[in-house]
Amino acid sequence: MRKLPAAAQAERRRQVISLRQSGMTYQEIADLVGLSRTGVFNICQRFAAEGAKGLINKPPGRKLGEQRLLTPAQEAEVQALIRRHTPDELGLPFALWSRAAVRMLIARQCGVELAVRTVGKYLARWKFTAQKPIRRAYEQDPAAVRRWLRQDYPEIVKESMQNRGGLVSLW
């Protein structure tokens, strides 16, 4: 049954219910439709509990937000603190945000102890990604760097040579 498309599964369930309502036993239905007796029983139970809605496929897995340890309000509060402050501004013993730093912040703000791995999942869900520092200044102007290397730097070298390698004043 799992290999069938969703529409075919729903049709098979409707077929099971109509056969059951016509008076057939679970085993007779199972033999006729090609399901196990337990499968037929489960379909009938779902129909009895939920009606026709119980015959439609439900998306697999947990519902969105189910079994989360932080409430949506707590999540919003932690995200706002991470965006607006550095860890040391909040009195945490870290210079940059890490999973351990966020874990400590959550424990302090929300009173919830989370595993580091769980904190990583929250950060991924919030679209906070690990950032690798770039090797050059973010606002660096490549044209200004080339100009400095062509004009200013040769003068610094020339002045250094005149001072026989002594200290050069750059200002």
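The values are calculated or read from the model by the stated rules, or taken from the named source; none is laboratory data. Because the structure is predicted, anything quoted here is derived from the model rather than measured. For neighbour counting, all protein chains shown are included, and Cβ atoms are generated from backbone atoms with ideal geometry for every residue, glycine included.
Assess whether ALA101 counts as being surrounded by 13 or more Cβ atoms within 10 Å (Cβ to Cβ), touching a residue at least 12 places away in the same chain (Cβ under 8 Å) and either out of contact with any helix residue (DSSP H, G or I) (no Cβ under 9 Å at 6 or more places or on another chain) or assigned by TED's automatic domain parsing to the domain that holds VAL112 (or both).
Numbers: surrounded by 13 or more Cβ atoms within 10 Å (Cβ to Cβ): yes; touching a residue at least 12 places away in the same chain (Cβ under 8 Å): yes; either out of contact with any helix residue (DSSP H, G or I) (no Cβ under 9 Å at 6 or more places or on another chain) or assigned by TED's automatic domain parsing to the domain that holds VAL112 (or both): yes.
Yes.
So, of the residues in the stretch 53-76 that are under 30 Å from ILE43 (Cβ atoms) and hydrophobic (A, V, I, L, M, F, W, C), which turns out to be nearest to the chain's Cα centre (by Cα)?
First pass over the stretch 53-76, keeping only residues under 30 Å from ILE43 (Cβ atoms): 53-67.
Remaining after also requiring hydrophobic (A, V, I, L, M, F, W, C): 55-56, 64.
Numbers: LEU55: 32, ILE56: 29, LEU64: 12 Å.
Among those that are under 30 Å from ILE43 (Cβ atoms) and hydrophobic (A, V, I, L, M, F, W, C), it is LEU64.
For the stretch 33-70, name all the residues that are β-branched (Val, Ile, Thr) and in a helix (DSSP H, G or I). Can you show your working first?
As a first pass, look at the stretch 33-70 and keep what is β-branched (Val, Ile, Thr): 33, 38, 40, 43, 56.
VAL33, THR38, VAL40, ILE43, listed by residue number.
Pairs under 9 Å by beta carbon, first residue within 30 Å of VAL78 (Cα to Cα) in the stretch 119-148, partner in a helix (DSSP H, G or I) and acidic (Asp, Glu), six or more apart or different chains?
So the pair list comes out as TYR122/GLU75; ARG125/GLU75; TRP126/GLU75.
Considering (1) assigned to a helix (DSSP H, G or I); (2) among the aromatic types (Phe, Trp, Tyr); (3) loosely packed, with under 10 Cβ neighbours inside 10 Å, say which one TYR138 fails and leave the rest.
Single failed check for TYR138: (1).
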